[in-house]
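Below is one structure; the comments refer to it alone.
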Amino acid sequence: MSSMTDQEKQLVEWLADMREEEALPLANRMLLEEHADPMRVLELCRNAMDIVGKRFQAGEYFLPELVLAGEMLEKIGAIAKPLIKQAPGAAPAKLGRVLIGTVHGDLHDIGKNIVTFMLDINGFEVRDIGIDVPVQTFIDEVTSFKPAVLGLSGFLTLAFDSMKETIEAIEAAGLRKDLKIMIGGGQIDDAVRTYTGADAFGTTAITAVSLCKNWLGVAA
Amino acid sequence: MNTPAAERARADHDARWRRILDSVALRTPDRMPVVLYATFWLARYGGISCRQLMYDYEKCAELSERAVLEFEPDAYTPMLFASACGQALETIGFKQLQWPGHGVGDNQPYQYLDREYMKAEEYDEFIFDPTGFYLRTYLPRVASAFEGFEDLPYFPGLHYMRLVAGIRPFAKPKVRGALEKVIKAAEEIGRFGKHNAIFNERMAGFGYPLTNGITSVSPYDFIADYFRGARGMMTDLFRHKDKLLAALEKSAIFLLRQTVAQAQASGNPIVFIPIHWAPDNFMSDQQFRTFWWPSFRKMMLGMIDAGLIPMPLWEADCTKRLEIIRDVPAGKCIYWFERTDMVKAFEVLGDVVALRGNLSASLMTTGKPADIDAEVRRLVEQVFHKGGKLILDAAFGIPDETPVENVRAMFAAARKYAG
């Protein structure tokens, strides 16, 4: 990122430090009163989110900080995006595509959402297809989105069978060849990975990021 | 009746219960207790659907009895109460759960709906008058039988002739309709409770005690799960921390009163407390020490003062919390761990609490009986035989999909290595 003014540094710092009461009024003032370039403000937000992600990976931040950071980003985005007048330039290149969803029968999404957030701020193009996702929807989405990595999430023990079934169906559809599959959730371990036929498993968002980076040959 | 069989059953019951109480008191029991916790696994065991299990008291009782008599646990959880509650949920119009045939498939377990059931701006009202908030706002939100309670009078302040005039809302059709529904639901739940009591008496007659009479909740989980929802609670740590702390402080008082009253009425001192929000990944050490632990510790101390035995189930991995949660009087609690390494838990907590658990869900569902045997042996050798007061169980009871031979292997191995 190009060099920052003191005001810009202040915004990044307040966002990264979870000082919402100060960060949001500053962002609003920059956008609505000082007519700062909305693309620039969004870039500052992304910069702050990078810091948040690093602090999460370092064990300094936990789920509450990620959730609050996500909400701050949403609020600023809601003000900034309608102000973008010029045609958007070329979107920054993404590291690779990841498709993610909670398998059928399971409605849990906290872990999945955190993985989505962390992959996104680490530069991946993530498509999150929600909870209780039927096998056929995974097949359709893999076909159309062509992800490099598929993440299957689940919290309940019934998800073991749903994951196995989903992976078998993807194989039967001939879609497994160039696709890495990771599974994650509160009950997941290596025994479940073996049972489902996934390539890898994780119980934290940090593992998901490093798996994707390894598979796509990105320096961690 | 004092038949020889009844006397033997009573002696068996007392011996099993003593095994649990000895473990709690950090005395070495005559053998390692092993307990049975099952909910929807009973459906698999009996070859019926989860939905049938939820709606058929007799069938659920029959399968629970069959399981208790087959595995001969040292104690069993209130299986009927956890499983056969479909009719009760339906009559009260419970909105916070989806259950088999009611939002999820006939063969899926029930799932809690994580939502915001109390808005952030309602903290003040909750803290000032929790009962009023419950009656007019919370109850209609979470159970349709209470819809109409919104029109109940505002009770504090009613006095003298204002009191006489103030009760008029009770005659409103909406309120009257709600009261009728609640009474009907209470009657159904009374029938359910009676089935439960009959079952427990029958099991006691066979010589099997209950692990716990009631369940309770930590103040933080109470507000997070049942009021603010996950997202709301996590942002409250920053946006509304003073109000959250005040709500936790207040909740600890009324939750303790309710827990003590209910546990004493049940006649069983052990209180099962599933813990959702303590895991290592869910908050920082500082947040845990500030928001999660103090109100729960206060509640546990109150329960211990009242002669109760708190049995929190520390879900997921709580390794980083072990040193903090050590701060309770020795010989008064059972700590049940789900994914925390039991050997590590024993090293940190073995001189303070009894331990329960923790054959993993993946082992139980995907392992072979020999794998189960090996894991029980490991826990016995590394915890029980080293002086740990281990009550053997799966990590969160028997997972719904567990093959029955794996459950047999768990009980057989417990007897083989520690019994």
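A short reminder: the numbers here are calculations on the coordinates, not readings from a lab. As the structure is a computational prediction, the values presented were derived from the model and not from experiment. Ideal geometry is used to build each Cβ from the backbone, glycine not excepted, and the neighbour counts take in all protein chains shown.
Ratio of Rg to Rh for chain B: 0.98 [Cα atoms; Kirkwood radius as inverse mean 1/r over pairs]. Binning all Cα-Cα separations of region B:230-322 at 5 Å, short to long from zero, yields these whole-percent fractions: 2, 13, 21, 23, 19, 13, 7, 2, 0. So which of A:Lys75/A:Lys180; A:Lys94/B:Lys344; A:Lys177/B:Lys320; A:Lys180/B:Lys368 end up more than 30 Å apart by C-alpha? Pairs exceeding 30 Å: A:Lys75/A:Lys180; A:Lys94/B:Lys344; A:Lys177/B:Lys320. Cα-Cα pairs above 16 Å in region B:273-327: how many percent? Here the tail beyond 16 Å accounts for 40 percent of pairs.
Averaged across the residues of B:318-329, what count of C-beta atoms belonging to other chains lies within 10 Å of each residue's C-beta? Numbers along the way, then the final one.
Values: counts 0, 0, 1, 0, 0, 0, 0, 0, 0, 0, 0, 0.
For this peptide, the per-residue mean of nearby foreign Cβ atoms is 0.
Computed 3J(HN,Hα) for region B:201-212, one whole-Hz value per residue from the Karplus formula 6.51 cos²θ - 1.76 cosθ + 1.60 where θ = phi - 60°, is 5, 5, 5, 4, x, 7, x, 10, x, 7, 5, 8, glycine and proline marked x.
Any idea what diffusion coefficient chain A gets from Stokes-Einstein, in µm²/s, Kirkwood Rh on alpha carbon pairs, 10 °C, 1.306 mPa s? Please report the intermediate quantities before stating the final value.
Details: Rh = 18.5 Å.
Rounded to a whole number, D works out at 86 µm²/s.
In this structure, the amide hydrogen of B:Ile309, modeled 1.01 Å from its nitrogen in the peptide plane, lies closer than 5 angstrom to those of B:Ile270, B:Val271, counting only residues at least 5 positions away or on a different chain. For B:Asn358, the amide hydrogen comes within under 5 Å of the amide hydrogens of B:Asp393, counting only partners 5 or more places away or on other chains and with H modelled in the peptide plane. Evaluating kT/(6 pi eta Rh) at 37 °C and 0.692 mPa s, with the Kirkwood radius of the protein assembly as shown over Cα pairs in the Stokes-Einstein relation, gives 122 µm² s⁻¹. Residues in region B:237-247 carry Karplus couplings, in order, of 4, 10, 8, 9, 5, 5, 5, 4, 4, 5, 5 Hz; the curve used is 6.51 cos²θ - 1.76 cosθ + 1.60 with θ = phi - 60°, and Gly or Pro positions show x. With coordinates expressed along the principal axes, the C-alpha atoms belonging to region B:235-383 extend over 51, 39, 28 Å, beginning with the largest. Here the relative contact order of region A:6-83, from alpha carbon pairs under 8 Å that lie six or more residues apart, stands at 39 percent.
Among bridges DSSP assigns within the protein assembly as shown, what percent are antiparallel (round to 5)? Could the numbers behind the result be given before it?
Details: 4 of 48 bridges.
Restricted to the protein assembly as shown, the bridges split so that about 10 percent are antiparallel.
Helix content alone sets the calculated 222 nm mean residue ellipticity of chain A: runs of n ≥ 4 DSSP H residues at -39500 (n - 2.57) each, divided across all residues, give -16500 deg cm²/dmol.
Here B:Lys95 is the anchor, and the lysines within straight C-alpha reach of less than 29 Å, apart from those fewer than 8 places off in the same chain, are A:Lys112, B:Lys59, B:Lys119, B:Lys172, B:Lys174, B:Lys181, B:Lys184, B:Lys194, B:Lys241, B:Lys243, B:Lys250. Counting Cβ atoms of other protein chains within 10 Å of each residue's Cβ and taking the mean over peptide A:58-68 gives 6.
When the alpha carbon gyration tensor of region A:6-83 is reduced to an equivalent ellipsoid, the three semi-axes, largest first, read 22, 11, 10 Å.
Relative to the compact-globule scaling 2.2 N^0.38 Å, provide the ratio for the alpha-carbon radius of gyration of region A:154-216.
Values: Rg = 11.4 Å, N = 63, 2.2 N^0.38 = 10.6 Å.
My calculation over the Cα atoms of region A:154-216 gives 1.08.
Taking 14 Å as the straight-line reach from the Cα of B:Lys332, the aspartates and glutamates in range (excluding those fewer than 8 positions away in the same chain) are B:Asp22, B:Asp305, B:Asp351. Near A:Ile181, the amide H atoms lying under 5 Å from its own belong to A:Leu150, A:Asp199, A:Ala200; only residues 5 or more places off or on other chains count, and H is placed 1.01 Å from N.
How many times 2.2 N^0.38 Å is the alpha carbon radius of gyration of region A:97-215?
On the way: Rg = 12.3 Å, N = 119, 2.2 N^0.38 = 13.5 Å.
Rounded to two decimals, the normalised Rg is 0.91.
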